[in-house]
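Just below is one structure, and these are the notes that go with it.
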Amino acid sequence: MKGNLIISNVRIVTPVGREALKGAAMSDLLTISDGCIIITEGIISYAGSMEDRPMTRPDEHYDEIDAKGCVALPGFVDSHTHLVFGGFRPDEFGWRLQGDSYMSIMERGGGIQSTVNATRVESMETLKQKAQWFIDRMSEMGVTTVEAKSGYGLDTATEIKMLDVIGELASEPEQRLNVVATFLGAHAVPREYAGRTEEYVDLMVREMLPAAKGKARFCDVFCERNVFEIGESRRLLKAASDMGFLLKLHADEIVSLGGAELSAELGAVSADHLLHVSEKGIKDMADAGVVATLLPLTAFALKEEYAPARRFIDSGVAVALATDLNPGSCFSGSIPLTIALACLYMGMTVEETITALTLNGAAAVGMADRIGSLEAGKQGDVVLLGSDNYNVLPYYVGMNCVKATIHNGVVVSVNP
């Protein structure tokens, strides 16, 4: 649905532009204290002062919100999630509390393979209903665009089943947010291909990628030691690029393998996680314009060191933030906690977190020309905070301060 909406008497706070912001520019937000936003047929037609507000046509009906006392931000973009999956893995949380590592859990039959087993047998309808529940909760926290990955099938039929679920979610006529699909067949090596990783890469190149073409915009790979090494990741991603996919990488999450450098070499849109990135990797990403998508909830849940956000920003890399919602290492899609962790433990300013969750998140899903800022010509996606001071974002530690979420000019979520 697309709506006609006027938001009046609001404090507008937004990054500006149609590409990711880097370095000091991440803190450069446009602020209009007595602002007005006009959304016409789902697209922002005006974002400026109340004084300069244009007259709307008398033959067009607009709903109007008097948002005095509120901040208007661009809709949040959660640019890295695994929200379609079968089963749950709460026992693994207890194992981690007892000291088991992420990799040791995988080796004992847990981890991704456990979710693969459940996803292969779960129906499309059940997968869709579960994912829709997450989408509805995300909308309540201000998310208006979400990236959703496959990767819990690890065979052609189930990977395509997952992408079909994502496609149906994206095409729901009254969906609360944009849904962007990513093919992640290279999430793990399936049990039936144990010790034959190259053969599994062959299968993805020969069969999965052609089947996923047109269903997913991005191809991603878990580039990690003992999962998909640099050579295997390079071969898959080059094949995906040749077929027209945009590229993403899970990079340098557990060890410093060189995933960041590979992302720069291949011109990836983003490299994600990056807890153990090298200095060369940071420089290469800066030179190549790769977005660093950082996932503080995962580091928090795994009790790991956080990604070096300040080193990225100070080196001229565009930083995005995302939740990494998934059934194993990070069973959370909390935008409020993501913001608090980024400010408290990653050294990011509030202004930088706003840019990271809006315009830079939009760039991480290849949509910065359409979403991510409150400017004429952009999609009418707006978050209204229940305060005129945006510093409440980290101040409300883990609590939701979003009053209303607007998608395509339609109010899709209202919180008390």
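The values are calculated or read from the model by the stated rules, or taken from the named source; none is laboratory data. The model shown is predicted, which means the values in this text are computed figures rather than measured ones. Ideal geometry is used to build each Cβ from the backbone, glycine not excepted, and the neighbour counts take in all protein chains shown. Only protein heavy atoms, including side chains, enter the accessible area calculation; ligands, DNA and RNA are left aside. Shrake-Rupley method; radii C 1.70, N 1.55, O 1.52, S 1.80 Å.
See the values below:
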quantity	calculated
For the chain, built as a Gaussian network whose Cα springs stay under 10 Å, the top-fluctuating residue of 282, 12, 105	105
Kirkwood-Stokes translational diffusion coefficient of the chain, alpha-carbon pairs, 10 °C, 1.306 mPa s, µm²/s	74 µm²/s
Residue-wise HN-Hα coupling along segment 269-278, computed from phi with Karplus coefficients 6.51, -1.76, 1.60 (Hz; x: Gly, Pro)	5, 8, 10, 10, 6, 6, 5, 10, 5, 8
Ordering of 361-368, 191-198, 164-171, 303-310 by packing [mean C-beta count within 10 Å, highest first]	361-368, 164-171, 303-310, 191-198
Carbon + sulfur, % of accessible area of segment 183-311 - ligands and nucleic acids excluded, 1.4 Å	49 percent
Extension gain, residue 225 back to residue 279 (0.36 nm per residue minus Cα-Cα distance, nm)	17.6 nm
Residues residue 33 and residue 101, FRET efficiency given R0 of 56 Å [Cβ-Cβ distance, rounded to 0.05]	0.65
Rounded to 5, the percent of DSSP beta bridges in the chain classed as antiparallel	45 percent
Integer Hz, Karplus 6.51/-1.76/1.60 couplings in order for segment 56-72, x for Gly and Pro	8, 5, x, 8, 10, 8, 10, 6, 9, 10, 8, 9, 4, x, 10, 9, 9
With Cα atoms, 0 to 90° folded angle of helix 335-345 axis to the chain main axis	80 degrees
Segments 236-244, 287-295 sorted - mean Cβ within 10 Å per residue, highest first	287-295, 236-244
Degrees separating the helix 112-121 axis from the principal Cα axis of the chain, which is the longest one	80 degrees
Protection-proxy order for peptides 32-42, 117-127, each taking the mean of Cβ atoms within 10 Å per residue, highest first	32-42, 117-127
Crossing angle, helix 279-288 versus the chain [Cα axis fit, 0-90 degrees, rounded to tens]	60 degrees
Reachable aspartates and glutamates from residue 378, criterion Cα separation under 17 angstrom, eight or more residues apart if same chain	19, 41, 369
Using θ = phi - 60° and Karplus 6.51 cos²θ - 1.76 cosθ + 1.60, couplings along segment 243-260 (whole Hz; Gly, Pro as x)	8, x, 6, 7, 10, 9, 9, 7, 10, 6, 7, 9, 9, 7, 9, x, x, 4
Max mean-square fluctuation residue, GNM over the chain, Cα-Cα springs under 10 Å, options 376, 148, 342	376
Count of lysine pairs in segment 139-286 with Cα separation under 12 Å (8 or more residues apart, or interchain)	5
